[in-house]
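Data first, discussion second: the structure below is written as structure tokens.
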Amino acid sequence: MLGLLGAIGYATWHVHSNASSSSASAVTNLATPPPTNLVPVAPPAPVLSQWDGLRSGPVTLEKIGEGNLVYAMGMLTNVSDQQKFGVKVRIDLFDDTGAKIGSATDYASSIDAGKAWQFRAMVVDRGAVKAELKEVTED
């Protein structure tokens, strides 16, 4: 009988000591670094500016033809499910020191839902080297 009680006591001790060591190893496993075979995720796409369902990308300055005409050009996409009417863009112009030297505008009578408009605003400020879309309004 004494042997039976000893065996039960030993079994109980053995089960409890394994349970506590397995919980300790679970904690240890949580602290281990992640595997190194993970595939890197591409960085997110640049955030585009958006005005009430109209999304824009970058604005560039482009010289057209052989003359001296320069335009601030970019794309405005209607990502809404409604047609937009009387859309006007205002682009700020900057010189090589970063100082604002003027602005340019363009106008579209409408932009259909899901469609894009390539705006082209004439730049009259000769020292402009950078353009930034500052405002989009709708009639």
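Please treat every number below as a calculation from the coordinates, not as lab data. Predicted model only: the values in this text are computed from it and were never measured. Don't worry about glycine lacking a Cβ; one is built from the backbone with ideal geometry, like all the others, and counts go over all protein chains shown.
Across region 49-138 the C-alpha pair distances fall into 10 Å bins from zero in the proportions 18, 48, 26, 8, 0 percent. Past 19 Å, Cα to Cα, is the threshold; run K63/K84; K100/K134; K63/K115; K63/K130 against it and keep the listed order. The pairs that break the limit, which is 19 Å between Cα atoms, are K63/K84; K63/K115. Only the Cβ atoms of Lys and Arg (+1) and of Asp and Glu (-1) were treated as charged; on that basis the dipole of region 49-138 about its Cα centre amounts to roughly 40 debye.
Summing Lys and Arg as +1 and Asp and Glu as -1 over all other residues whose Cβ lies under 14 Å from the Cβ of G53 gives a net charge of -1.
Using C-alpha pairs under 8 Å with a sequence gap of at least 6, the mean separation divided by the residue count of region 49-138 gives a relative contact order of 34 percent.
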